[in-house]
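The values are calculated or read from the model by the stated rules, or taken from the named source; none is laboratory data. The shown structure was predicted, so the numbers you read here are calculated from the model rather than taken from an experiment. Counting neighbours? That spans all protein chains shown, and the Cβs are built from the backbone with ideal geometry, glycine included.
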């Protein structure tokens with residue numbers, strides 16, 4: 001039977017990290033995440049376990065750790081196994097999520113255009129990943145962490161582009177559907193799996209900007225719709241009208257083209273935003 005969590009840090013993980021204090025951040029979809037302060041610094045410690053619908057979530061922390069070691073050579077990302085799955089510890093990324101940062105604009109009676117500088121910081125983080133040869137596979141507003149020192153694109157457990165030990169690898173079965181590109185949804189409906197691409201990441205970033213600015217998902221479907229029906233709506237229906245004011249609205253429209261080949265690259269998006277500033 002799948003477990004539900006949240007789970008405490010296993011004894012051998014505590015012994016390895018020597019936490020001074022810890023705070024539960026989130027427990028959902030097969031992942032318990034702790035904010036842990038240690039003598040060596042502040043860490044995000046993830047415990048993966050099988051969820052109600054997926055067993056691959058148990059492997060995700062270790063898979064992410066192997067990817068981070070490739071993306072940031074020299075960064076200490078310890079990981080290992082525990083009785084429910086795998087665990088990892090990575091440096092804490094401080095800041096505010098894109099969705100929270102743009103919240104005031106969603107509730108204003110006179111919405112203003114989102115700040116292009118903030119959009120550019122997100123695009124630059126994604127472009128950096130793409131230029132390193134990876135596709136993220138799970139781009140969403142809460143994975144852009146924005147701080148005065150820059151923006152971090154977190155949660156790379158589903159990324160594709162480098163070598164992952166077979167023992168920790170698993171097939172890609174999509175991401176949070178609210179940001180899924182039509183071709184990804186269609187592949188999952190037809191075969192049960194898909195291949196993350198940079199083009200789908202660009203679509204997801206456009207959908208992330210759209211929902212963060214307006215509060216609306218990119219495609220209209222009932223809140224209680226089954227995941228399969230959500231994906232079918234993404235395949236069958238056009239995205240909502242892009243009503244984000246300013247230069248960002250036209251850019252989002254381009255990013256969310258149904259044809260992946262028509263979408264701009266993340267690098268081109270950065271250049272367009274710099275030109276608009």
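Checking the stated criteria, residue 96 turns out to be under 18 Å from the mean Cα position of the chain (by Cα) and surrounded by fewer than 18 Cβ atoms within 10 Å (Cβ to Cβ).
Please go through the range 158-179 and pick out each residue that is under 25 Å from residue 232 (Cα atoms) and either outside any helix (DSSP H, G or I) or not assigned by TED's automatic domain parsing to the domain that holds residue 126 (or both).
Step one: list which residues in the range 158-179 are under 25 Å from residue 232 (Cα atoms), which gives 158-160, 170-179.
158, 159, 160, 170, 171, 172, 173, 174, 175, 176, listed by residue number.
When you check residue 97 against the structure, is it over 18 Å from residue 170 (Cα atoms) and touching a helix residue (DSSP H, G or I) at 6+ places or on another chain (Cβ under 9 Å), yes or no? Don't jump to the end; show me each part of the working.
Values: over 18 Å from residue 170 (Cα atoms): yes; touching a helix residue (DSSP H, G or I) at 6+ places or on another chain (Cβ under 9 Å): yes.
Criteria met by residue 97.
Residue 172 fulfils the conditions (1) touching a helix residue (DSSP H, G or I) at 6+ places or on another chain (Cβ under 6 Å); (2) under 28 Å from residue 29 (Cα atoms) except for a single criterion, (1). Within the range 1-34, being part of a strand (DSSP E or B) and buried (at least 16 other Cβ atoms within 10 Å of the Cβ) holds for 22, 25, 27, 31, 32, 33, 34. So which residues in the range 201-225 are more than 18 Å from the chain's Cα centre (by Cα) and assigned to a helix (DSSP H, G or I)? 214 - this is the single residue of the range 201-225 that is more than 18 Å from the chain's Cα centre (by Cα) and assigned to a helix (DSSP H, G or I).
Screening the candidates 104, 61, 73 for the property of being part of a helix (DSSP H, G or I) and free of Cβ contacts under 8 Å to residues at least 40 places away in the same chain yields one hit, 104. For the range 226-256, the set of residues classified as assigned to a loop (DSSP other than H, G, I, E, B) and in contact (Cβ under 8 Å) with a residue 40 or more places away in the chain consists of 244, 245, 246, 256, listed by residue number.
Going by the conditions given, is residue 193 assigned to a loop (DSSP other than H, G, I, E, B), without any contact (Cβ under 8 Å) to a residue 60 or more places away in the chain and in the same structural domain as residue 259 (by TED's automatic domain parsing)? Quick ask: steps written out before the conclusion?
Working: assigned to a loop (DSSP other than H, G, I, E, B): yes; without any contact (Cβ under 8 Å) to a residue 60 or more places away in the chain: yes; in the same structural domain as residue 259 (by TED's automatic domain parsing): yes.
Against the criterion (assigned to a loop (DSSP other than H, G, I, E, B), without any contact (Cβ under 8 Å) to a residue 60 or more places away in the chain and in the same structural domain as residue 259 (by TED's automatic domain parsing)), residue 193 qualifies.
One line per residue, one yes/no per condition, for (1) more than 24 Å from residue 31 (Cβ to Cβ); (2) surrounded by fewer than 23 Cβ atoms within 10 Å (Cβ to Cβ); (3) in contact with a strand residue (DSSP E or B) (Cβ under 7 Å, 6 or more places away or on another chain):
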| residue | (1), (2), (3) |
| --- | --- |
| 148 | yes, yes, no |
| 177 | no, yes, no |
| 181 | no, no, no |
| 185 | no, no, no |
| 193 | no, yes, no |
| 196 | no, no, yes |
| 201 | no, no, yes |
| 214 | yes, yes, no |
| 222 | yes, yes, no |
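Reported count of residues in the range 46-77, each being surrounded by fewer than 16 Cβ atoms within 10 Å (Cβ to Cβ), farther than 24 Å from residue 130 by Cβ and under 18 Å from the mean Cα position of the chain (by Cα), is 1.
When the range 107-125 is examined, which residues are found to be part of a helix (DSSP H, G or I) and in contact (Cβ under 8 Å) with a residue 40 or more places away in the chain? Give the derivation first.
Kept after step one, since they are part of a helix (DSSP H, G or I), are these residues of the range 107-125: 107, 116-125.
Residues satisfying the conditions are 116, 117, 119, 120, 122, 123, 124.
Residues that are closer than 18 Å to residue 40 by Cα and part of a strand (DSSP E or B) within the range 76-86 comprise just one, 79.
Out of curiosity, is residue 159 over 26 Å from residue 216 (Cβ atoms) and modelled with pLDDT of 95 or more?
Working: over 26 Å from residue 216 (Cβ atoms): yes; modelled with pLDDT of 95 or more: yes.
Spelling it out, residue 159 is indeed over 26 Å from residue 216 (Cβ atoms) and modelled with pLDDT of 95 or more.
Checking each residue in the range 231-262 for being surrounded by 15 or more Cβ atoms within 10 Å (Cβ to Cβ) and more than 20 Å from residue 214 (Cβ to Cβ) picks out 231, 232, 235, 260.
Go through the range 126-157 and count every residue that is on the phi > 0 side of the Ramachandran plot, more than 11 Å from the chain's Cα centre (by Cα) and either in contact (Cβ under 8 Å) with a residue 60 or more places away in the chain or not in a strand (DSSP E or B) (or both).
Initially, the range 126-157 is screened for residues on the phi > 0 side of the Ramachandran plot, giving 133, 137, 150, 155.
Okay, now just the ones that are also more than 11 Å from the chain's Cα centre (by Cα), so 133, 150.
Narrowing further to those that are either in contact (Cβ under 8 Å) with a residue 60 or more places away in the chain or not in a strand (DSSP E or B) (or both): 133.
Total meeting the criteria: 1.
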